[in-house]
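Written out below as structure tokens is the structure these notes cover.
Throughout, read-outs are computed from the coordinates displayed, never taken from laboratory work. No experiment lies behind these values; they were computed from the predicted model shown. Glycine also receives a Cβ, built like all others from the backbone with ideal geometry; neighbour counts cover every protein chain displayed.
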Amino acid sequence: MKIKSLIAALLMLSATCVMAETAQEAAVKKLVEPRLNDGTKVDSVTKTPYAGLFEVRVGSDVIYTDEKAQYLFIGNVIDARNATNYTKVRVDELSRVKFADLPLESALKTVKGNGKRVIAIFEDPNCGYCKRFRKNLQDVDNVTVYTFMYNILSEDSSVKSKNIWCTADRNKAWDEWMLNGKVAPTAAANCNTPNEKIFELGKKLRINGTPTIFFADGSRIPGAVDVKGLEEKFSSLK
């Protein structure tokens, strides 16, 4: 009987500690939110196990503060003992997507070799780094590539994307433009494209630059990664 009472008391104590910690996090959130710029809304505040800091999350961005929100710490928290970058690990976690939820029907699709390795790329037709990455992809085999035309650089980007989307062979037209600079023919005015849908999706996923590459596990890499980097990433997913 005494054992049961002791277990019940421990469970109550544990619940009280969780509630107290949650209340503390809520208090920090209330303090820190007005101190951020431009009316920024904080998504969550979580007490970290290091240095008494609190993680302040805004979307997939992370900063830190103290329990009284008197100071803001912007940068990476790195474990000096093993060089683990806790901030990067956390941001990578927050930046993941569910690959199956991507609207793949609104993307260009290219299959090379057995196509077993899968990536989705957000690219702007006027992006020089995207063109460089597209050339790198020529040396990668056994991959399925979904390309979302994400028009963020200029109004002309939307025009180019529409012309490419409305051709008889979209994949060929995209490669002709990105690799060889060959312009696609002007699309009919009544041709519908997923341009707006992809633009809104990109904003929702907080994609601020192109190319941005998503892998089957939902992780992302921004920028024109080279073939070696791409192969190393694929190997890490096995």
May I ask for log10 I(q)/I(0) of the stretch 21-94 at q = 0.19, 0.22, 0.25 Å⁻¹, from a Debye sum over the Cα atoms as equal point scatterers with solvent left out? -0.75, -0.98, -1.22
In degrees, nearest 10, range 0 to 90: what is the angle between the Cα axis of helix 227-236 and the longest Cα principal axis of the chain? 50
Can you give the local net charge around Asp79? Use residues other than it whose beta-carbon is closer than 14 angstrom to its beta-carbon, Lys and Arg +1, Asp and Glu -1. +3
Local electrostatic count at Phe54 - Lys and Arg +1, Asp and Glu -1, tallied over other residues with Cβ under 9 Å: -2
Going from the fewest other Cβ atoms within 10 Å to the most, one would list Leu201, Leu237, Leu36 as Leu237, Leu36, Leu201
From DSSP H assignment alone, runs of 4+ in the chain each adding -39500 (n - 2.57), the sum over residues rounded to the nearest 500 puts [θ] at 222 nm at -12500 deg cm²/dmol
For helix 2-32, what angle does its Cα long axis make with the longest principal axis of the chain, in degrees from 0 to 90 and rounded to 10? 60
Degrees, to the nearest 10: 155-165 long Cα axis against longest axis of the chain: 70
Tell me which residues come under 5 Å, amide H to amide H, from Val58 once H is placed; ignore anything under 5 positions away on its chain. Asp43, Ile63
Ratio to report: Rg/Rh of the chain, with Cα atoms as the point set and Rh obtained by the Kirkwood method; give two decimals. 1.11
Over the stretch 99-236, the quotient of the Cα radius of gyration and 2.2 N^0.38 Å is 0.99
